[in-house]
Amino acid sequence: MTFMSIIIITAIASLLIAGVFLAALIWSIRDGQYDDDFAPPNRILFDDPKKTNNK
Amino acid sequence: MYEILNENDLCTYYELNQHPGSQQLQQKRKNKFAYLDKEEVVSQLIAFADDQQVHVTFSVPQMHCSSCLWLLEHLGSLQKGILTARVNFVQKEVFVVYDKNQTTLREVVETMSAIGYEPYLSMSAGKRRKPKNYSRITQISIAGFCFANIMMLSLPEYFSVSNYLQEKTGTAFRYIGLVLALPVFFYCSREFFANAYSSIKTKYLNIDTSIALAILLTFVRSLYNLFVLDGNTYFDSMSGIVFFMLVGRWAQDRTQQSLVFDRDYKSFFPIAVNVKRNESVEAALIGDLKEKDIIEVYDQEIIPADAVLAKGKAVIDYSFVTGESIPRQIEPGSLIYAGGKQLGERIELMVLKKSDQGYLTNLWNKEGRSNTDNRKLLHRISNYFTLIVFALTFASALFWLIKGEYNTMWNALTTTLIVACPCALLLASTFTNGNVMRILSRSGLYLKNADIITNMARIKHIVLDKTGTITLNKNFNVSYKGKPLTDYEKRLVASLSRHSTHPLSKAIYGHLKMKQLVAVDSFSNLPGKGIEGWIDDHHIKTGSREFVQPASANENPSNTSRVFIWIDGIVPGVFELENVYRPGLTTMLQSIRKKFNLSILSGDNNAEYDRLANMTGPGTDIFFNQSPEDKYNYVTQLQTSGTEVLMAGDGLNDAGALRKSDVGIAVMEGNNSFTPASDGIISAAAFTSLDEMLTFSRNAARVITISFVVSVLYNIIGLYFALQGLLAPVIAAILMPASTISIVLITFLMSEWYGRRLKRLKR
């Protein structure tokens, strides 16, 4: 084992971390979060209802 | 609250303003949702309930804009007790959570209806949650992940400088590569292996067979290299192949979906109905119908949308929808489903649900025969193609094996299998036809399905109906000859004519301008002859001379259409209506004569012969006094003499002939009836472009041929390099979806170019 072989461990570690993110992506797809691509972009543009004090 | 109402007005402006006098309907609807108070009903519709919360998902097909989205998600401000409302716009659904102690399901639904978003409640709606299929997108994600990472780990193999990195880390990285390749091979490529297996079983080889073989070979070769030879591995190529193939498939599916979507929601279905707006009647396309619109439906017309019977006697024939040919009598206030055909008098209906022209198109396609010959041919071609590719591959592999160059052999083997792509053969016709349909419908011709285009390209003989097809349906000059009619008699004739959609009846009705009409006790329409009915104990008939007074003396021919009147046994006189031909007809007939054989059939007398002969020139058959059977027989006779016939008619009295001809086109002017017997509907304003459209369909066939040629060229060039082993597998894997995309682009651009001469219809 030379000093360069540390790269094998770092490669495996980074792959594992990336794998966690992949799992999260697949989970969110299966959860249906990407089904509606119209509503979320429009939803963020709505204003909050202003409190009207006129009665 | 004011702002909410403001938004409210913006979106429901048109719906609220149309019916200021509809208090009565409001009253009826107050109790419309009374059934939602019942516990059994509620439990069937909701998704979840406990002591406090109730979850329910409503289908709201009316939502179409971001204002709708805003309004529906702020339901909580409109109805106390609604805790959450979340919209899934693509599915047109809203998920509502309400507090059962503060409000009820009925109140929620009533609130939604009041703002114009009445939910489409169906008892089975709650249970129809079918799980969506995410497997392909999951496979793409995993394949992409593994492909990219394996490639990264293969960098030492590509870039090693004097093998330094390779020695140190090479083997370890190769094994990691193997681990990453396993999910790609066993999970992501499932579809290719499954399709290849079934294609071998049915002995119809297809493109998946080659791809599966390529994947298998690359994987096996890499394993062999890794364990036995300790040499280079090609897991990156293998996962690249899988990834790019899956992406290409996904892109294909999306394009096909968007073509279908286009057809259903955006394309022009040129059927219009009369809608009563305030006191006047306007024609509206059925795609523009809204809930609560009052529409008129006449005898023999198809109901365009789910609606409630408001006025008139409805006898509905659902044979178009269910195949059941016994017509049903419908009570006022009951629901009539889209697709049913009214038999009898004119009725008024209130639209319940926005019409779904995709639904009507599906029913239309159920009617006729479908053309599967093209598809069988494509399957056979793809079969032979794959066999040839296999032969070439193994031949070249043998060649390199004998020469002793193993590396080149493996390269040649795998890349040949990938590069050879019969995609264009399968895709070219689908994409081209989709484009052609789109271009034709924006120019005014709406086809039942894509197979009609190939039939159109083969047409040799055109048969045109006269009345309503080459003559205008409006602008009749009406004059009356005979004993003058009393007001009462005029009223009887007008009341009867009102129920008929025949252009001559409509012209008479318009001419008489009677305000007070009498209700008709019975009405029947005899195509090709006339209409008859009983009003106030009087028996009335209007129509041709033979119909009204059989065995009468020969009449003098005149250059007008004649409608004879018969009341209780006496013929007081005859309405004469002058024919007005469509503008641009002469030029169109001349240009048709240049490329096709032309015939004109008419149910009228032969007085128009000279005028028509002048317009068409010599060599055209013009026949008069044709009954519907005569027209049918004429078409049959032409077909038996071996020529393909296109018939254009108005669908009222030539349904049989339309169905028999190779392509039957119904001409729609304004709000005529929808004829399921036809293969296509052309808008009257676009009728004079018919010959250009036929030329366009011939060009479409040319586009398909050209894209075949391009695809063959691509294959030849690709194989030239692949067989020599000069192509790296990854490059081959990228080239394949690239070729698909380029074929799509070529067909799109070419069909647009050929269609540039077709004028877009102003709607």
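The values are calculated or read from the model by the stated rules, or taken from the named source; none is laboratory data. Quantities reported herein were computed from a predicted structural model and do not represent experimental measurements. Counting neighbours? That spans all protein chains shown, and the Cβs are built from the backbone with ideal geometry, glycine included.
Kindly establish whether residue B:488 is surrounded by fewer than 19 Cβ atoms within 10 Å (Cβ to Cβ) and free of Cβ contacts under 8 Å to residues at least 24 places away in the same chain. Talk me through it step by step, then tell me what you get.
Working: surrounded by fewer than 19 Cβ atoms within 10 Å (Cβ to Cβ): yes; free of Cβ contacts under 8 Å to residues at least 24 places away in the same chain: yes.
So residue B:488 passes the test.
Do we find that residue B:584 is surrounded by fewer than 18 Cβ atoms within 10 Å (Cβ to Cβ), within 24 Å of residue B:447 (Cβ to Cβ) and touching a helix residue (DSSP H, G or I) at 6+ places or on another chain (Cβ under 7 Å) in this structure?
Numbers: surrounded by fewer than 18 Cβ atoms within 10 Å (Cβ to Cβ): yes; within 24 Å of residue B:447 (Cβ to Cβ): yes; touching a helix residue (DSSP H, G or I) at 6+ places or on another chain (Cβ under 7 Å): yes.
When the stated conditions are applied, residue B:584 passes them.
So, in the stretch B:207-234, of the ones that are outside any helix (DSSP H, G or I) and not hydroxyl-bearing (Ser, Thr, Tyr), which residue ends up surrounded by the fewest Cβ atoms within 10 Å (Cβ to Cβ)? Break it down into steps so the answer makes sense when it comes.
First, pick out the residues of the stretch B:207-234 that are outside any helix (DSSP H, G or I): B:230-234.
Adding the requirement that they be not hydroxyl-bearing (Ser, Thr, Tyr) leaves B:230-232.
Details: B:230: 11, B:231: 13, B:232: 16.
Among them, the one singled out is B:230.
Can residue B:520 be described as part of a helix (DSSP H, G or I), at pLDDT 80 or above and either within 30 Å of residue B:638 (Cα to Cα) or of a type outside the set (Lys, Arg) (or both)? I'd like the intermediate steps shown before the answer.
Working: part of a helix (DSSP H, G or I): no; at pLDDT 80 or above: yes; either within 30 Å of residue B:638 (Cα to Cα) or of a type outside the set (Lys, Arg) (or both): yes.
No, not satisfied.
Suppose we filter B:367, B:345, B:331, B:405 for residues that are modelled with pLDDT of 80 or more and surrounded by 13 or more Cβ atoms within 10 Å (Cβ to Cβ); which single one remains? Outline the logic, then answer.
Details: B:367 fails: modelled with pLDDT of 80 or more; B:331 fails: surrounded by 13 or more Cβ atoms within 10 Å (Cβ to Cβ); B:405 fails: modelled with pLDDT of 80 or more.
Of the residues listed, the single one that is modelled with pLDDT of 80 or more and surrounded by 13 or more Cβ atoms within 10 Å (Cβ to Cβ) is B:345.
Give just the number: which of (1) free of Cβ contacts under 8 Å to residues at least 40 places away in the same chain; (2) loosely packed, with under 14 Cβ neighbours inside 10 Å; (3) hydrophobic (A, V, I, L, M, F, W, C) does residue B:548 not satisfy?
All conditions are met except number (2).
Which residues, taken from the stretch A:1-11, are at the interface with chain B (Cβ under 7 Å from one of its Cβ atoms) and part of a helix (DSSP H, G or I)?
Filtering the stretch A:1-11 for residues at the interface with chain B (Cβ under 7 Å from one of its Cβ atoms) gives A:2, A:4-5, A:7-8, A:11.
Those that are at the interface with chain B (Cβ under 7 Å from one of its Cβ atoms) and part of a helix (DSSP H, G or I): A:4, A:5, A:7, A:8, A:11.
Can you tell me how many residues within the stretch B:41-59 are within 20 Å of residue A:35 (Cα to Cα), more than 13 Å from every other protein chain (Cβ to nearest Cβ) and within 33 Å of the chain's Cα centre (by Cα)?
Here the count works out to 3.
Can you name the residue in the stretch B:61-88 that is under 18 Å from residue A:37 (Cβ atoms) and outside any helix (DSSP H, G or I) and is also farthest from the chain's Cα centre (by Cα) among such residues? Spell out how you get there, then give the answer.
Just the residues of the stretch B:61-88 that are under 18 Å from residue A:37 (Cβ atoms), to begin with: B:63-66, B:68-70, B:72-73, B:86-88.
Checking which are outside any helix (DSSP H, G or I) leaves us with B:63-65, B:86-88.
Values: B:63: 21, B:64: 20, B:65: 23, B:86: 31, B:87: 27, B:88: 24 Å.
By that ranking, first place goes to B:86.
Where in the stretch B:593-705 are the strands (runs of 3 or more DSSP E), entirely inside, with at least 1 residues that are more than 22 Å from the chain's Cα centre (by Cα) and not assigned by TED's automatic domain parsing to the domain that holds residue B:341? Break it down into steps so the answer makes sense when it comes.
Details: elements: B:597-601, B:621-623, B:645-649, B:663-668, B:680-683.
Strands (runs of 3 or more DSSP E) meeting the threshold: B:597-601, B:621-623, B:645-649.
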